Every structure is written in C-alpha cells, then in structure tokens.
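Reviewing the structure listed below.
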Amino acid sequence: MTVPPDDLAGYTRPTGRFGGTVRYLPETGSTNDIALEAARAGAPDGLLVLADRQIAGRGRLKRRWLAPAGSSLLLSLLFRPRVPFAWSASRATMACGLSLLDAVRLVTGLDLRLKWPNDLIVHPLGDPSRWYKLAGMLSEIALDDAGKPEALIVGIGLNVNISAADLASLAPNAGSLSALVGSKVSRTAVLDAFLTRLDVLHEALLAGQDPYLDWSQHLAWIGRPVTIQAGDETVIGEALGVDSDGALLIGTPSGTRRFPAGDVTLRPAV
Ligand code: BT5
C-alpha cells in the first residue's frame with residue numbers, strides 16, 4: 001500500500017499568494033502567536049506558519065485546542081486586509097472557512113457544513129441533530145504601536161489523522177478525516193487544495209466578489225431550532241440566517257435577536 005505524502009517540514013508552494021512564505025516549526029506554543037509576532041515585525045501578506053505540535057494551542061475564550069503531534073494541520077495565515085479593515089477581515093475569514101470546506105470536500109468527498117461562524121463540521125449519516133467538529137478557526141488582530149489594526153491572523157486546526165480512541169480525549173464532538181473516511185489522509189494534499197482555493201477566493205474578493213453569500217449557504221442549522229450561549233445568557237430560537245456583517249439572526253418569541261461573531265456558542269436545540 002502506498003502511503004500518501006504527509007511531511008510538513010520543508011513544505012513549499014512555489015506559486016500563489018498564500019504560502020509563498022512558509023515558517024515551519026516542529027513544535028511551538030501557538031502558531032497564532034508566531035504569526036502575530038511576525039506581523040508586528042513586518043512579515044508579508046500571505047505568510048503561512050505551520051506546526052506539527054502545539055503546546056499552547058488555543059480556541060476562543062481561552063479554550064484549548066488539542067491535537068496529537070503530527071496528526072493535524074495546525075496553521076496560521078497572515079492577511080494585511082485593505083480598509084475598511086473590519087469588513088475586509090470578516091470577508092478574509094469567510095474565504096478561509098469556505099476554502100477549507102472546499103478543500104476537505106475535494107480530497108475526501110465528505111459532505112460538510114460550517115458551524116457558525118467558522119468551525120468545519122460533518123453530520124454523521126446526514127442527521128443534522130448530530131455533528132462532529134473537524135476543524136476550528138481562530139481569527140485574531142495584530143495592532144500596531146498606535147493601537148491600529150495592522151494585520152489579521154487566521155489560525156486553523158484541522159483534525160486529519162486521529163483515531164477514534166484519541167478523538168475522545170480531545171473533545172466530546174471531535175471528529176477526524178481519517179476516522180470518517182477509514183484511511184489515512186494526506187495533510188499536504190489538503191493544505192495544497194486549501195491554499196489553492198484560498199488564492200482564488202481572495203483574488204475574487206480583491207476584484208469585488210463577496211464570499212458572503214456562498215459562505216452563508218454552507219452554514220449548518222439555518223431554519224432549525226438552535227441554542228445560543230452568549231456569556232451567561234442562553235437563548236433558544238430558530239436560526240434565521242446571517243446578516244451581511246456575518247452576525248447570526250435568531251428568531252425568538254420576543255423578536256429577532258442578532259449575535260455578532262465572537263464569543264458566542266451555537267448548538268442544535270435538542
Ligand atoms: C476554535 O475555538 O475552534 C478555534 C481553534 C483554533 C485552533 C488553531 S490551531 C492553529 C492556531 N493556533 C492556535 O493556537 N489556535 C489556532 P472554539 O470555538 O473556542 O473551540 C474550542 C473547543 O473545541 C475546546 O474547548 C474543545 O471543546 C474543542 N476542541 C479542542 N480541541 C479539539 C479538536 N482537536 N477537535 C475538535 N474539538 C476540539
């Protein structure tokens with residue numbers, strides 16, 4: 001049996017904007033920290049930071065991102081969005097989510113959804129009440145000395161080759177590509193497909209094509225009952241859709257509530 005190439009050390013991408021400059025680390029704290037530092041030191045748009053192991057991988061709200069060494073894609077990308085920064089940054093993040101979904105679908109054939117705002121999930125046997133989280137995305141902003149945003153860092157953790165037994169120790173709903181397709185998946189094949197798709201979507205964005213509609217059409221649970229946890233507040237309602245800022249709209253008996261992407265957790269209602 002041939003083993004697909006999987007070695008991230010020495011990964012290069014001769015053409016294209018993203019991954020034109022690569023920094024590979026066998027082990028680091030968090031790839032987002034490396035990319036944030038690099039952004040402040042003037043690193044170029046498109047820098048890709050890759051690691052085989054993180055000892056302080058993080059999610060939102062100080063949550064942890066766990067991954068066995070060598071099992072995953074753990075990466076951060078540096079964007080220098082045009083002004084208006086907030087709008088361009090939100091579109092770059094949407095483009096990343098869509099590119100990851102397209103890349104994983106291309107390599108594995110899996111039918112995937114985005115869990116708002118940007119987790120990559122799959123519904124086992126197409127049952128929308130059940131889901132496995134395959135990837136998480138953490139967007140952070142690098143500020144200059146004057147406190148002005150100067151770069152966007154998009155960090156992605158994708159579970160590629162993790163056995164069902166190891167997944168259970170990461171998170172209750174964790175899933176991996178290998179567990180779903182039943183064989184080892186090439187990390188470099190997924191990475192190539194992701195960066196290629198991102199180049200296309202990013203060029204389109206610069207030419208004025210907004211990824212918003214495509215992104216919104218891939219979100220899970222639209223039109224279905226969901227539960228939102230926002231700080232101490234729990235809201236149950238119907239996921240109506242997203243507005244053009246990417247905020248989630250929830251229909252409740254007392255009216256429509258709007259949740260900006262950020263520190264909010266979404267689940268299907270049981
Ligand atoms: C996220 O946060 O899902 C964003 C994760 C981003 C990780 C990447 S790895 C490269 C880059 N460098 C970093 O330091 N971070 C980024 P959130 O939505 O807050 O979800 C975090 C939650 O996901 C945790 O509390 C766990 O419940 C769960 N979790 C942790 N590791 C997981 C895994 N490998 N697979 C699935 N779920 C996981």
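Summary table
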item: Residue list for segment 178-228, filter: over 20 Å from Leu249 (Cα atoms), open to solvent by 50 Å² or more (accessible area, probe 1.4 Å) and either touching a Cys at 6+ places or on another chain (Cβ under 7 Å) or of a type outside the set (Gly, Ala, Ser) (or both); result: Leu180, Val181, Lys184, Asp192, Thr196, Arg197, Val200, Glu203, Leu206, Gln209
item: Residue check for Ala261: closer than 16 Å to Ala92 by Cα, open to solvent by 30 Å² or more (accessible area, probe 1.4 Å), within 16 Å of the ligand (Cβ to nearest atom) and within 17 Å of the chain's Cα centre (by Cα); result: yes
item: Neighbours by Cβ (under 8 Å, 6+ apart or cross-chain): first from segment 136-159, modelled with pLDDT under 95 and more than 15 Å from the ligand (Cβ to nearest atom); second charged (D, E, K, R) and assigned to a strand (DSSP E or B); result: Leu143/Glu150; Asp144/Glu150
item: Residues that are in contact (Cβ under 8 Å) with a residue 12 or more places away in the chain and either aliphatic (A, V, I, L, M) or within 16 Å of the ligand (Cβ to nearest atom) (or both), drawn from segment 125-135; result: Trp131, Tyr132, Lys133, Leu134, Ala135
item: Near pairs, Cβ below 6 angstrom, 6+ apart or cross-chain, from segment 58-86 (more than 17 Å from Gly175 (Cβ to Cβ) and more than 8 Å from the ligand (Cβ to nearest atom)) to any residue that is in a loop (DSSP other than H, G, I, E, B) and among the charged types (D, E, K, R); result: Ala69/Asp52; Ala69/Arg53; Gly70/Asp52; Arg80/Asp45
item: Count of residues meeting criterion [open to solvent by less than 10 Å² (accessible area, probe 1.4 Å) and either polar (S, T, N, Q) or more than 21 Å from Leu206 (Cα to Cα) (or both)] in segment 65-102; result: 7
item: Hey, Gly231 out of contact with any helix residue (DSSP H, G or I) (no Cβ under 6 Å at 6 or more places or on another chain), without any contact (Cβ under 8 Å) to a residue 24 or more places away in the chain and surrounded by fewer than 19 Cβ atoms within 10 Å (Cβ to Cβ) or not; result: no
item: Members of segment 160-173 that are near the ligand (Cβ under 9 Å from one of its atoms) and either open to solvent by 20 Å² or more (accessible area, probe 1.4 Å) or free of Cβ contacts under 8 Å to residues at least 24 places away in the same chain (or both); result: Leu167, Leu170, Ala171, Pro172, Asn173
item: Qualifying residue in segment 96-115 (condition: within 13 Å of the ligand (Cβ to nearest atom) and closer than 16 Å to Ala171 by Cβ); result: yes
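Each row is one residue, and each column tells you yes or no for (1) assigned by TED's automatic domain parsing to the domain that holds Gly70; (2) within 24 Å of Ala39 (Cα to Cα); (3) basic (Lys, Arg).
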position: Arg130; (1), (2), (3): yes, no, yes
position: Met137; (1), (2), (3): yes, yes, no
position: Lys148; (1), (2), (3): yes, yes, yes
position: Asn161; (1), (2), (3): yes, no, no
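The values are calculated or read from the model by the stated rules, or taken from the named source; none is laboratory data. In this text, all values refer to a predicted model and were calculated from it rather than measured experimentally. So basically every Cβ, Gly included, is an ideal-geometry build from the backbone, and we count neighbours across all protein chains shown. We work out accessible area using only protein heavy atoms, side chains counted, and drop any ligands, DNA or RNA first. Shrake-Rupley method; radii C 1.70, N 1.55, O 1.52, S 1.80 Å.
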